[in-house]
1. Just to be sure I understand the curve: with the Debye formula and one point per C-alpha of the stretch 31-78, what is log10 I(q)/I(0) at q = 0.30 Å⁻¹?
2. Determine the share of the stretch 4-102's accessible area contributed by carbon and sulfur atoms, expressed in whole percent, with a 1.4 angstrom probe.
3. By how many degrees, 0 to 90 and rounded to 10, does the Cα axis of helix 55-72 deviate from the longest principal axis of the chain?
4. Using the charge dipole of the chain (Lys, Arg: +1 at Cβ; Asp, Glu: -1 at Cβ; taken about the Cα centre), state which of Phe17, Ala96, Leu79 has its Cα farthest towards the positive end.
5. Report, by chain and number, residues whose modeled amide H sits under 5 Å from the one on Val25, excluding near sequence neighbours (fewer than 5 apart, same chain).
6. How long is the chain along each principal axis, judged by its Cα atoms, biggest number first, in Å?
7. Check Thr83: other-chain or 5+ apart residues with amide H under 5 Å from its amide H, H built from backbone geometry?
8. Strictly under 4.7 angstrom between C-beta atoms: which cysteines of the chain have no such partner?
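The values are calculated or read from the model by the stated rules, or taken from the named source; none is laboratory data. The shown structure was predicted, so the numbers you read here are calculated from the model rather than taken from an experiment. Glycine also receives a Cβ, built like all others from the backbone with ideal geometry; neighbour counts cover every protein chain displayed. Ligands, DNA and RNA are excluded from the accessible area calculation, which covers all protein heavy atoms including side chains. Shrake-Rupley method; radii C 1.70, N 1.55, O 1.52, S 1.80 Å.
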Amino acid sequence: MDCIFCKIIAGEFGTEFVAQNEHAVAFKDINPQAKVHILCVPRQHTKNVAELTDPEVLQGLFSLIREVASTATDGQFRLQFNTGEREGQSVFHSHAHVLSGREG
Ligand code: AMP
Ligand code: ZN
């Protein structure tokens with residue numbers, strides 16, 4: 001499968017993880033849309049959040065999101081799951097954007 005996030009998770013690009021646990025990893029978005037823009041990505045490949053149904057994976061992902069939100073933001077942030085091309089999804093491996101602060 002030719003999935004860029006599966007490759008990042010496998011360490012193929014040497015991407016630095018700002019946080020990780022058994023079920024998910026977090027790394028900075030390469031094209032930040034806010035002062036803080038971190039992607040939280042389940043290790044399990046599913047194409048979008050609508051297909052992300054495994055309770056343990058969901059628990060692990062949201063545990064990581066809470067960790068990132070508490071360590072990398074001031075507690076005010078947006079959590080975004082783009083789902084489908086029309087709605088802005090460009091990488092078809094489920095992921096949450098953690099966005100905080102305005103650019104500039
Ligand atoms: P989406 O458009 O919701 O599918 O989000 C995909 C995000 O992945 C975009 O915000 C991209 O900037 C980001 N992205 C793509 N490739 C990389 C990469 N190699 N490292 C970090 N972020 C990436
Ligand atoms: Zn994948």
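1. The Cα Debye sum returns log10 ratios of -1.12.
2. C and S atoms contribute 49 percent here.
3. 20
4. The residue sitting farthest along the positive end of the dipole is Leu79.
5. The list, which skips near neighbours in sequence, is Val41, Arg43.
6. 37, 30, 28
7. Placed amide hydrogens put Gln89 under 5 Å from Thr83.
8. By the Cβ distance rule, which asks for a partner under 4.7 Å, the isolated cysteines are Cys40.
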